[in-house]
Every structure is written in C-alpha cells, then in structure tokens.
1. If DNA, RNA and ligands are ignored and the probe is 1.4 Å, what is the ranking of L98, L59, L66, L81 by accessible area, most exposed first?
2. Share of the range 65-125's accessible area from carbon and sulfur, percent, 1.4 Å?
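The values are calculated or read from the model by the stated rules, or taken from the named source; none is laboratory data. Since this is a predicted model, take the numbers as computed values, not measurements. SASA here: full protein model, heavy atoms, side chains in, ligands and nucleic acids out. Shrake-Rupley method; radii C 1.70, N 1.55, O 1.52, S 1.80 Å.
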Amino acid sequence: YANTATYTFKIYDVGNVASWTPVACTVANWEVSWEANDRVLPGIVASSFSADFFGGMALSTWRSILQDANNNYAVEIHKGLDVYWRGFIIPDQCSIELVNGQRFIRIVASDGFQMFDRASNTYKFSGVKRFTEQIAESLTKLNFWNLYDGFLASEAFLPNSAYTYTEGSLLWTGSLSEGLWWEDYKYNTYRDFFESLCTSFGLQLFQDKGQ
C-alpha cells in the first residue's frame with residue numbers, strides 16, 4: 001500500500017484478500033481518468049488508473065505482479081474510510097523504469113469494462129428473464145464480483161401503488177435471450193448487451209466509488 005495526504009492505495013490479489021501483508025511503498029504520481037462522454041449520453045463510461053510507485057516490496061515481488069497473466073491483482077484507492085476507485089491491473093501495460101538510480105514501478109489498471117468485449121456464448125438462459133438478473137449473472141460470468149460488491153440501477157417512476165425501494169423498470173422488464181444475446185446462431189458480446197440496455201433505458205454504466 002501507499003499513502004498520500006488524502007488517499008491510500010492498496011494492491012492485492014483478489015483471490016487471496018484475507019491473507020495480504022501490508023508493505024509500505026511510495027507513490028510518486030497518480031491519475032484516475034474517465035472516458036470522455038456527454039453527461040446525458042447513454043452508454044458505457046470506462047475509467048482507468050495509472051501511477052508510479054517505488055520502494056517497499058522487493059523487485060521480484062513487483063515483477064510477479066506485473067507478469068501475472070490471469071488479471072488476479074487489483075488496485076483499490078481509499079479516501080478516508082471510503083473507496084474512491086477499484087480496478088484490475090493490466091500487466092502488459094505496466095513497466096519497471098530506472099530514473100536517476102531509482103526504480104519506478106509503473107502500474108496501469110482499468111475498471112474491467114474491457115471484458116465486455118468477450119463473446120457471450122457462455123451465458124445462456126431460456127424463457128424471459130428480468131434485466132436485473134441478466135445484469136447480475138453477466139457480471140458473475142465476467143468475474144466482476146471478485147472486485148465489486150454490488151451494482152445500482154437508476155429507477156424509473158412507477159405508480160405509487162406498485163413502488164418500493166427494491167423495484168424499478170429494470171426489475172419489472174426483461175427479454176428473451178434470442179435477439180439480444182444471440183441471433184442467427186451468432187453470439188453478441190457482453191458490450192452489445194450493456195450498450196443496448198443503456199440506450200433503451202437512457203442509462204450510463206460507470207464505476208462510482210468502487211461500485
């Protein structure tokens with residue numbers, strides 16, 4: 001982990017969070033950026049993180065993180081007790097650089113939204129299924145629950161007699177798999193699904209405070 005005056009940065013194995021050993025290092029500079037998108041334009045708004053660390057762990061430990069091919073490592077940024085951002089480290093975009101005798105570890109991470117580009121042939125269901133279920137099951141297929149602990153969908157107004165805090169337009173509506181997930185025996189990507197959903201309901205999909 002590393003600290004600034006306001007933020008704490010944690011790097012950990014998402015499959016072994018409970019056994020991590022804190023090792024202090026220093027962050028030289030960092031940035032979280034979101035893809036440019038109109039505030040009211042529906043769709044997916046991806047984000048990424050980059051930072052330069054030095055010290056703390058042995059160089060061999062840094063290398064094992066940067067050479068991980070299974071995206072097992074994550075970055076978590078805290079502001080006080082609150083999570084500010086979470087993401088998966090992208091090893092092939094990370095590097096180790098030597099500057100004036102000091103080794104700097106360049107860490108690059110993303111919110112995982114690039115995994116939406118995977119074909120959805122592993123996700124199948126029969127009949128009509130609620131969109132809230134389709135979202136949750138899709139994120140499970142993509143291993144998002146290894147990093148995130150929930151999702152929040154904005155709710156459309158419903159008649160007062162039918163409205164509770166757990167209900168909304170995504171819960172009350174659904175679809176068949178054919179047409180949305182596959183057509184003519186060709187599977188769409190998860191991105192196709194989420195983009196279609198966002199466009200149909202006028203929603204944006206983005207990370208907000210680690211969720």
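1. Details: L98 110, L59 45, L66 25, L81 170 Å².
Largest accessible area first, the list is L81, L98, L59, L66.
2. That share works out to 44 percent.
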